[in-house]
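Asks: Dumping the structure here so I can ask a few things about it.
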Ligand code: AMP
């Protein structure tokens, strides 16, 4: 079954500049902005500009240029935010997908969280 992309999701509206965001990095294929409800001192969302629902959709359907741009943008955000383990105390990357992943916004996004210890990887159910 093919993914159906809902272009009314909040990140699509951010990409169309219908609602504001606090941008930390923009490249040809990628936008990174601060999470509106930060869960750590550093909490940045990195999204591709293309209409991809989640990571496996992106990996299957995006061009190599988009994939390289997105991957490198994540690393640039980590450097800009000062959370790379070689410079500081590191970060956690999370990308939720679907119901079990508890994904709220159906546009691929990677959370970059840092600035404090992140605790256990997965909460106990
Ligand atoms: P997820 O649960 O992985 O889909 O995460 C969605 C994230 O989007 C949450 O961390 C929200 O706080 C964040 N969020 C929702 N609306 C906005 C917005 N307008 N600007 C920035 N972040 C948002």
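Asks: Could you check segment 9-40 and list, in sequence order, the residues that are crowded, with 17+ Cβ neighbours inside 10 Å, assigned to a loop (DSSP other than H, G, I, E, B) and in contact with a helix residue (DSSP H, G or I) (Cβ under 8 Å, 6 or more places away or on another chain)?
Replies: 21, 29
Asks: Okay, next question. If you go through segment 89-109 one residue at a time, how many are more than 9 Å from the ligand (Cβ to nearest atom) and within 8 Å of the chain's Cα centre (by Cα)? Don't jump to the end; show me each part of the working.
Replies: We begin by selecting, within segment 89-109, every residue more than 9 Å from the ligand (Cβ to nearest atom); these are 89-93, 98-100, 108.
Checking the rest, the ones that are also within 8 Å of the chain's Cα centre (by Cα) come to 108.
Final tally of qualifying residues: 1.
Asks: Follow-up. Restricting to segment 72-87, give me the number of residues that are over 24 Å from residue 36 (Cβ atoms) and either over 15 Å from the mean Cα position of the chain (by Cα) or part of a loop (DSSP other than H, G, I, E, B) (or both).
Replies: Start the filter on segment 72-87 by keeping residues that are over 24 Å from residue 36 (Cβ atoms), which leaves 72, 84-87.
Retained after the next criterion (residues that are either over 15 Å from the mean Cα position of the chain (by Cα) or part of a loop (DSSP other than H, G, I, E, B) (or both)): 84-87.
Residues in segment 72-87 being over 24 Å from residue 36 (Cβ atoms) and either over 15 Å from the mean Cα position of the chain (by Cα) or part of a loop (DSSP other than H, G, I, E, B) (or both): 4 in total.
Asks: Which one is nearest to the ligand (Cβ to nearest atom), of the residues in segment 59-70 that are within 24 Å of residue 42 (Cβ to Cβ) and out of contact with any helix residue (DSSP H, G or I) (no Cβ under 9 Å at 6 or more places or on another chain)?
Replies: 69
Asks: Turning to a different aspect of this structure: Which one of these is away from the ligand (no atom under 12 Å from the Cβ), modelled with pLDDT under 95 and more than 23 Å from residue 119 (Cβ to Cβ): 73, 2?
Replies: Numbers: 73 fails: modelled with pLDDT under 95.
That would be 2, the only listed residue that is away from the ligand (no atom under 12 Å from the Cβ), modelled with pLDDT under 95 and more than 23 Å from residue 119 (Cβ to Cβ).
Asks: A further question on this structure: Looking at residue 85, is it surrounded by fewer than 12 Cβ atoms within 10 Å (Cβ to Cβ) and under 15 Å from residue 115 (Cα atoms)? I'd like the intermediate steps shown before the answer.
Replies: Working: surrounded by fewer than 12 Cβ atoms within 10 Å (Cβ to Cβ): yes; under 15 Å from residue 115 (Cα atoms): yes.
Judged against the criteria, residue 85 is a match.
Asks: Here's a follow-up. Considering segment 92-111 alone, what residues qualify as being assigned to a loop (DSSP other than H, G, I, E, B) and surrounded by 13 or more Cβ atoms within 10 Å (Cβ to Cβ)? Walk me through it before giving the result.
Replies: Taking segment 92-111 as the starting set, the residues that turn out to be assigned to a loop (DSSP other than H, G, I, E, B) are 95-97, 102-109.
95, 96, 97, 103, 105, 106, 107, 108, 109, listed by residue number.
Asks: Being part of a helix (DSSP H, G or I) and closer than 12 Å to residue 5 by Cβ is the filter; apply it to segment 51-70 and report the residue that is nearest to the chain's Cα centre (by Cα).
Replies: Step one: of segment 51-70, the residues part of a helix (DSSP H, G or I) are 55-61, 64-70.
From what is left, the residues that are closer than 12 Å to residue 5 by Cβ are 57-58, 61.
Values: 57: 14, 58: 12, 61: 17 Å.
My answer is 58.
Asks: Output the residue which, of all residues in segment 41-50 that are away from the ligand (no atom under 11 Å from the Cβ) and part of a strand (DSSP E or B), is nearest to the chain's Cα centre (by Cα).
Replies: Going residue by residue through segment 41-50, those that are away from the ligand (no atom under 11 Å from the Cβ) are 41-42, 46, 48-50.
From what is left, the residues that are part of a strand (DSSP E or B) are 42, 46, 48.
Details: 42: 13, 46: 3, 48: 8 Å.
Per the stated criteria, the residue is 46.
The values are calculated or read from the model by the stated rules, or taken from the named source; none is laboratory data. What you are looking at is a predicted structure, and each value in this text was computed from that prediction instead of being measured. Note that we place each Cβ from the backbone using ideal geometry, even for glycine, and neighbour counts take in every protein chain shown.
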